[in-house]
């Protein structure tokens, strides 16, 4: 077993240990923190040790040889940032849950479920085999279902069921697509590296289009893009804070990651043929997500809809990568898309944890009941302000680095259509600015509302969980080269594949 | 060399960030720290102006970024650093000990630092980053007293209006890459059409937003909600000056497009005229000064449009000193007397003589009276303007004389029985040394900067800015504009000027933006949210409900008769079994084809049942 498998299965081992050792709730949460911290340290080690632009820490064992599906793992500039993001977010959620440990029902099971989910998420981003990818993809849905149904609030059972059925439907579509890829490949294989090197169905465009449709629908549900996003707001609203942070920060990335890892390199011709559709879906998601978010009164629903907006930028960028135009600009757009995955994970993760802080005190997400919270809770206010400005794309935070590259890359590709698409999506930056300023205005500033008196400032554990996310967003916003150096080889490879 | 290019903006940015992070713990040391850092920044700015450092660094793939202090930037960094120092010295006395001073001085330092990056950036990415950070700082400073919902609303209006303009820069950056494969400011003019035109359009939009030119002017009225030192910095060397600077910087691009020059020149001239009329109609001193800022920046924008780089830069520097001074004076009176109403400020200049004298010097300069600075710099700008623009500029000059003298007369008129103090806030009746200290210095610069237009000085000034060969004003032009200003000044001091109601309300620009843009967008957003709930989500719910209905129909209608069929089925199954052996080919791909079909069915079933 190599270090990558260790990284993936360490959390699962810790989860089993929780039960085998029959740890109490508090000890269980501390174990969760320790295991996540160790895992983050290991991922940091992977990052430092990775220097090759190709696949690193590769591992390929026999799994189901009859269909040539293997236990094939590896990391590159696309998966490594997401592995790091995953490990960091899970650690932050663990730290965040320290405060709740006493109040959370069945905290040990809660911790075990998150550790299981961490293994699943890390495994997905490291998987280089479609079946392996799919197994992790499906298990993530199962684990998140239990998180929402077991520890959510409000109409949690209904929201959890809807989340499960909707995303499970998406995963079935995805499986159909994977099977199509398998059937179209020669020699038949589920191996992602081989499929990317030797794209299947190159000779039968009709079938390739259908397979792309299945995969794109599957990933679009997970991402989510308009019009497949309606499971997202209820799932987020009724999930516990840590669950929302993971759902937005990690699980949504599985969709966008799939576009870059699977759909683009394995179906390059079909991707080029339908790049326009992808671009339009992206632009619509950007504008629609932002506008619907603007109309929300429920803070958590609002943040959920901004995810549709932020994911829309990614879809726009990967769609534009399939259009004609300047190669360097399209590479810039894809680099921006990968940066956006990381940035959104950090900022929206932080925003959902901050929503949790508020809900923890008052059991309400209704923004009209707050106001003037900055007086009694200055640290909370500062963190919410930084996260909001990051999310609205203020330079100096990671969101700008991502979105600027996407806009510049899409418009800079140099075709009229791309310029129009980019020009329309730039509007998203203004609408998100409007909606986040309204959040600050309604929650933090002005005169106190009915619930303001109940809000106390963020505690130690809450600060320790949220500050690292924001600090990293600032670091990426000011000195992004450490991340971009790692990411930039990815689009070169992907664009070369799409352009062949 | 390159270290200096970094150090200049990083010093105020880092110090400001530290103060902000420290929060109220640093309140006691914040004024001293702020002034010292501003002083250090000025020293660095002098060094940078002398050495002209340049640095490039990688930011985005294939698009190197850079900071470069050239002639125009040298003028700008000196102006910004000087104004920041003057304002922070004033604020050290003006912002009371009970206020969150660390937050104030931290925000101001970051604000000034962002402007320093803006004026030294050699590419669009770095420029846009600093440009937007500056906007966010202005938001935080305008909404500094955030307990008051009205001020928060003002901050929102200011940020959203300027950001609406900023979208132009985002778009321009993309078009620059399409047209030149770079983001370098110097290369923009070489872009191929139509990219060149789109870049120009985007930059012009952003500059109009930032500089509060028509139709964006209203946000500057809202910006008055912040503390007076904020206004003094925001209206002089930062924020509004950034738009004018950018247009002067990209003048070659404007020239290359063939249309942008004329557009910029006319919008600048018309803003000078229209906002001059607004200023004349104000009864609130700070509102009058705000409108006059729009109008005076209009001359700089006009300069960029007619290619008078030397004139535009001179106007920018002179106006920065004058306007900084005037806002400090207005702020000092607001703190001491508790009012900024021109009707209540009677005698203010006599009660605080030094403030009154320096304010008077600034007002006379703003009026364009000879021999003070703006008289000259405005004429340097107008010297390059064709006749129609020259006429509009002259008319705007008439209004400048009118509003400046109106303010001057109001504060120097003796106090009378109807004059009241404390109409806005409780005054302290005291103007301290820190507040007074910057005023004489600013008055000297503001009054005397006109020397740049003297024969023998104009040449080197133009060479400094790389603008040799531009026209200077003729003696006749100088005499004419001076005489007009003098006549108007005398007239206004004799009898009050008429105050147009529509001008007093800033021509209802904000109301128009609210009715035509903000409200329709909000209504559309509400409608989309309802659509999302009822139609999109409704469709999903309908599929689920349909599935349940189908299932219950199936269980009631079909299950009973189906039971009777079971026996017959048993026989059929045996036959089917024989059939089923046929696809058992032993070949994996056929199995998977079958599995795929099954999964579709399965997927449908799951969705319908759910």
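None of the figures in this text is laboratory data; all of them are computed from the coordinates on show. Since this is a predicted model, take the numbers as computed values, not measurements. Note: ideal-geometry Cβ built from the backbone for every residue, glycine included; neighbour counts use all protein chains shown.
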B:516, A:472, B:285 arranged by Cβ crowding within 10 Å, fewest neighbours leading: B:516, A:472, B:285
Angle in degrees between helix A:489-498 and the longest Cα principal axis of chain A, rounded to the nearest 10: 50
For chain B: relative contact order, % (alpha-carbon pairs under 8 angstrom, 6 or more apart): 12
Shielding score for A:471-484, defined as the mean number of other chain Cβ atoms within 10 Å: 1
Shielding by partners - mean other protein chain Cβ count within 10 Å, residues of B:164-171: 5
Helix B:387-412 axis, angle to chain B major axis (alpha carbon atoms, nearest 10°): 70
Burial order of peptide ranges B:408-417, A:353-362 (average beta-carbon count within 10 Å, highest first): A:353-362, B:408-417
Ranked list, fewest to most other Cβ atoms within 10 Å of each Cβ, for A:139, B:127: A:139, B:127
Per-residue average of Cβ from other chains inside 10 Å of B:145-152: 5
Sorted by Cβ neighbour density within 10 Å, fewest at the top, the residues B:284, A:366: A:366, B:284
Estimated [θ] at 222 nm from DSSP helical runs (n ≥ 4, -39500 (n - 2.57)) normalised by residues in chain A, nearest 500: -24000 deg cm²/dmol
Mean-position separation - Cα centroids, the range B:310-341 and the range A:357-415, in angstrom: 34
Relative packing of A:400-413, A:301-314, A:213-226, which averages over residues the other C-beta atoms within 10 Å, highest first: A:400-413, A:301-314, A:213-226
Distance between the range A:90-150 and the range B:536-551 - C-alpha centres, whole angstrom: 30
Cα-only Debye scattering, chain A: base-10 log of I(q)/I(0) at q = 0.05, 0.06, 0.13 Å⁻¹: -0.17, -0.24, -1.21
Relative contact order computed over the range B:188-282 (Cα-Cα under 8 Å; 6+ residues apart), in percent: 37
Two-site FRET efficiency, residue B:28 against residue A:47, from Cβ-Cβ distance with R₀ of 30 Å, rounded to 0.05: 0.10
Largest-first principal axis extents of the Cα set of chain B (Å): 115, 57, 50
Extension gain from residue B:493 to residue B:150, taking 0.36 nm per residue of separation minus the Cα-Cα distance: 120.0 nm
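In whole percent, what relative contact order does the range B:318-498 give with Cα contacts below 8 Å and a gap of six or more residues?
Values: 271 pairs, mean separation 68.1, N = 181.
Once divided by the residue count of the range B:318-498, the mean separation gives 38 percent.
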Those residues of the range B:219-248 whose amide nitrogen sits under 12 Å from the label point placed on residue B:193, 7 Å along Cα→Cβ: none
Simple spin-label estimate for residue B:572 and residue A:2 in nanometres, 7 Å along Cα-Cβ: 5.4
Spacing of the two label points (7 Å from each Cα toward its C-beta) at residue B:36 and residue A:450, in nm: 5.1
Computed FRET value (nearest 0.05) for residue B:350 with residue B:486, which takes r as the C-beta separation and R₀ as 25 Å: 0.55
Label point distance in nm, residue B:52-residue A:464, each placed 7 Å from Cα along Cα→Cβ: 5.5
R0 of 30 Å, Cβ-Cβ distance residue B:550-residue B:526: FRET efficiency to nearest 0.05: 0.30
C-alpha long axis of helix A:205-222 to longest principal axis of chain A, angle in °: 10
